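Below is one structure, written out as structure tokens, with a few remarks after it.
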Amino acid sequence: MSRKYRVGIIGSTQHGGYGHGMDSAFKDADLFEVVAIADDDPAGLTATGKRLGVTKLYADYRELLAQEKPDIVGIGPRWLTDRVPMVTAAAEAGCHIFLEKPLAATLREADAMLAICERAKVKCALAHQLRAMPPVRQAFADIRAGKYGKVLRLYGQPSDDARGGGEELIVHGTHFFDLMISLAGPPRWVSAHFGTGERDATLADKHEGREPIGPIVGDSAAIMIGFDHGVRGFWNSTANLNQHGTIYGLTIQCEQATVCMRTKGEVFIYPGPVVEPENDQRAWEKVWVESWHFTPEHKPAPLNDYLLRANQTLVYELVAAIEHDSEPTASLRDALLVTEIIQGAYASHFANGQRLAIPLTDRRHPLET
């Protein structure tokens with residue numbers, strides 16, 4: 001890295017905050033200088049300034065961009081109500097962007113943000129932290145090298161909390177679909193079903209989630225995604241299924257092994273394509289990565305800071321993309337493909353589960369047509 005980058009942080013304490021640690025992602029003092037913060041909540045702005053040790057504070061992110069002219073901005077609010085204006089203002093100011101997920105509520109919004117970033121020649125990476133975690137990267141490298149044979153199927157198991165179904169599709173599905181795309185490449189088609197209780201979801205079930213992320217339906221969802229080489233991805237979500245355990249994870253079925261990715265980037269390998277509970281000759285083995293699992297003194301790392309460490313990796317790689325004019329990790333272009341899956345799932349459900357080609361031809365939200 002050849003220079004220090006001036007960073008502005010955009011948050012909104014009452015409207016989605018600073019996402020999942022977006023305000024602390026730029027802690028490397030040798031590479032970044034956080035010069036200013038914008039937050040339309042006065043108390044939140046003051047508190048964040050004190051926490052980060054930043055004195056230049058703005059109530060309006062547009063004023064921050066105009067006055068401070070940062071090289072990079074971190075856009076943190078989870079709410080999608082101001083996502084397009086924030087990204088547009090940052091890109092027009094010539095700022096590269098580290099962006100909280102999900103990308104957008106509609107494909108039209110996603111298209112607009114990609115277009116403005118391309119016109120402005122700025123890089124944009126999303127906070128899809130799982131793909132930045134070293135055990136996940138090690139497992140993906142082994143899979144790509146053919147260590148476990150051909151990839152067959154990808155199974156996403158989200159949290160299945162109260163948001164299960166349509167809300168979890170955009171809130172947590174975005175992480176799973178980003179991982180699937182990272183491993184299997186761009187999606188080619190999608191088919192889906194949404195349920196409300198024990199019946200099919202209908203347009204009359206349309207409602208908003210707990211935070212403004214666009215219209216949603218259903219308290220259960222079943223998604224199937226087609227990738228090249230016959231690989232298929234599956235993602236199922238059911239509200240309130242989780243019995244206070246940790247069920248979140250991505251399972252990858254290969255010809256010779258099953259790879260299971262859990263929270264905090266933990267990865268386990270089973271020596272067979274199907275788990276055989278009664279076979280005591282086969283057992284799960286954990287993927288250990290020295291830099292992730294241990295401190296410099298070789299003591300076990302608690303991993304309480306796993307999101308911070310992953311965010312830092314993503315912003316380092318955003319800088320590398322800036323300096324080499326390359327595509328960043330967890331790019332806006334990949335996030336657009338994630339949005340294609342989410343919107344395509346709704347479109348498929350209301351087309352009686354029809355398999356729909358990606359990219360979708362109709363860029364309107366299926367719940368608003």
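The values are calculated or read from the model by the stated rules, or taken from the named source; none is laboratory data. Every value quoted in this text rests on a predicted model; they were computed, and no experiment measured them. All Cβ positions, glycine included, derive from the backbone under ideal geometry; neighbour counts span all protein chains shown. Quick note on the areas: whole protein, heavy atoms, side chains included, nothing else; ligands and nucleic acids left out. Shrake-Rupley method; radii C 1.70, N 1.55, O 1.52, S 1.80 Å.
Counting only helices (runs of 4 or more DSSP H) wholly contained in the stretch 1-110, the ones carrying 2 or more residues that are acidic (Asp, Glu) occupy 61-68. Checking each residue in the stretch 193-221 for being open to solvent by 40 Å² or more (accessible area, probe 1.4 Å) and within 15 Å of ILE341 (Cα to Cα) picks out only HIS193.
May I ask you to list the residues in the stretch 290-348 that are open to solvent by less than 20 Å² (accessible area, probe 1.4 Å) and among the aromatic types (Phe, Trp, Tyr)? The answer is TRP292, TYR346. The residue pairs whose first member lies in the stretch 158-175 and is at positive phi and part of a loop (DSSP other than H, G, I, E, B), whose second member is among the aromatic types (Phe, Trp, Tyr) and surrounded by fewer than 23 Cβ atoms within 10 Å (Cβ to Cβ), and whose beta carbons are closer than 6 Å, counting only pairs six or more residues apart or on different chains, do not exist in this structure.
Run down ARG83, ARG131 and say which single residue is basic (Lys, Arg), under 27 Å from ILE342 (Cβ atoms) and open to solvent by less than 10 Å² (accessible area, probe 1.4 Å). I'd like the intermediate steps shown before the answer.
Values: ARG131 fails: open to solvent by less than 10 Å² (accessible area, probe 1.4 Å).
Result: ARG83 is the single residue among ARG83, ARG131 that is basic (Lys, Arg), under 27 Å from ILE342 (Cβ atoms) and open to solvent by less than 10 Å² (accessible area, probe 1.4 Å).
Residue by residue, here is whether (1) modelled with pLDDT under 95; (2) surrounded by 21 or more Cβ atoms within 10 Å (Cβ to Cβ); (3) basic (Lys, Arg); (4) at negative phi holds:
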{"site": "ILE9", "(1), (2), (3), (4)": "no, yes, no, yes"}
{"site": "SER12", "(1), (2), (3), (4)": "no, yes, no, yes"}
{"site": "ALA29", "(1), (2), (3), (4)": "yes, no, no, yes"}
{"site": "ALA36", "(1), (2), (3), (4)": "no, yes, no, yes"}
{"site": "PRO42", "(1), (2), (3), (4)": "no, no, no, yes"}
{"site": "THR48", "(1), (2), (3), (4)": "no, yes, no, yes"}
{"site": "TYR61", "(1), (2), (3), (4)": "no, yes, no, yes"}
{"site": "LEU64", "(1), (2), (3), (4)": "no, yes, no, yes"}
{"site": "ILE72", "(1), (2), (3), (4)": "no, yes, no, yes"}
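Hey, any hits in the stretch 128-138 for a residue that's outside any helix (DSSP H, G or I), within 22 Å of HIS324 (Cβ to Cβ), of a type outside the set (Ser, Thr, Tyr) and free of Cβ contacts under 8 Å to residues at least 40 places away in the same chain? Within the stretch 128-138, not a single residue is outside any helix (DSSP H, G or I), within 22 Å of HIS324 (Cβ to Cβ), of a type outside the set (Ser, Thr, Tyr) and free of Cβ contacts under 8 Å to residues at least 40 places away in the same chain. Mind checking which residues of the stretch 146-171 are in contact with a Lys or Arg (Cβ under 8 Å, 6 or more places away or on another chain) and within 17 Å of GLU208 (Cα to Cα)? Listed by number, the residues that qualify are ARG163, GLU167, VAL171. When you look at GLN312, is it touching a Phe, Trp or Tyr at 6+ places or on another chain (Cβ under 9 Å) and among the polar types (S, T, N, Q), yes or no? Yes, satisfied. In the stretch 34-52 there is no residue that is closer than 10 Å to GLY74 by Cβ and among the charged types (D, E, K, R). Only one of the numbered conditions (1) part of a helix (DSSP H, G or I); (2) open to solvent by 40 Å² or more (accessible area, probe 1.4 Å) is not met by MET113, and that is (2).
Residues considered: LEU360, LEU332, LEU314, LEU318. Of these, the only one that is modelled with pLDDT of 95 or more and either more than 17 Å from the chain's Cα centre (by Cα) or closer than 30 Å to ASP200 by Cβ (or both) is LEU360.
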